[in-house]
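Student: Input: one structure, supplied below.
We did not get these values from a lab; they are worked out from the coordinates using the rules stated. Here the structure is a predicted model, which is why all the values come from computation and not from measurement. Using ideal geometry, Cβ is built from the backbone for each residue, glycine included, and neighbour counts are taken over all protein chains shown.
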Amino acid sequence: MTYLAIRHLHMTFALLSIGLFATRGLMALCSDRWRGSRVLRIAPHIIDTCLLASAITLLVLAGFNPLDHAWLMAKIIALLFYIYLGRQALRAGLARGVRLPWLIAALACAGYILGVAFTRSATWGLA
């Protein structure tokens, strides 16, 4: 596969991952019944594994070292925050008032990651 094809796959998996997280988050705000859905429990793992595999493939093909590119390191650090915030947001049994700030913070983190990806700048080209 070419770099461009893998990049498009990576972008597709990223949008699927964020969209599915947002869907699960909204469903969690309404009820915890979604947890019984096998698809909603398994699909995120498959999508996120494909997302990570495509990211590593892109790094290898492009010869990028995250330590040499501030925007790439910013994406990786923001990804760790996104994972933590998302995990908190989807914990079982949280009250809506507790869950909502975690969900908003996780989605804001995802938005930052997308912004960095499109601009290739940790500051979105604003500095």
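Student: Would you tally the net charge around L40, using a Cβ to Cβ cut-off of less than 14 Å, leaving L40 out, and scoring K and R as +1, D and E as -1?
Tutor: For residues surrounding L40, the net value is +3.
Student: Please work out the Cα center distance from the range 61-76 to the range 1-60, rounded to the nearest Å.
Tutor: 21 Å
Student: Excluding R120 itself, what net charge comes from residues whose Cβ is under 15 Å from its Cβ, given Lys and Arg +1 and Asp and Glu -1?
Tutor: Within the 15 Å Cβ shell, the charges total +1.
Student: If neighbour count is taken as other Cβ atoms inside 10 Å, put C30, C50 in order from fewest to most. Spell out each step's value before the answer.
Tutor: On the way: C30 9, C50 16.
Ascending Cβ contact count within 10 Å gives the list C30, C50.
Student: As I understand it, the value is the acute angle between the Cα axis of helix 96-119 and the longest principal axis of the Cα atoms of the chain; what does it come to in degrees, rounded to 10?
Tutor: For 96-119 against the chain, the angle is about 10 degrees.
Student: Right, here's the next one. Check H69: other-chain or 5+ apart residues with amide H under 5 Å from its amide H, H built from backbone geometry?
Tutor: none
Student: Could you point to the label whose value was computed as percent of Cα pairs over 19 Å apart for the structure here, given (1) 56; (2) 52; (3) 75?
Tutor: Only one option fits the structure, namely (2).
Student: Once you list every other residue whose beta carbon is under 12 Å from the beta carbon of A62, what net charge do they have if Lys and Arg are +1 and Asp and Glu are -1?
Tutor: For residues surrounding A62, the net value is +1.
Student: Based on other C-beta atoms within 10 Å, arrange H10, H69, H45 from fewest to most.
Tutor: H45, H69, H10
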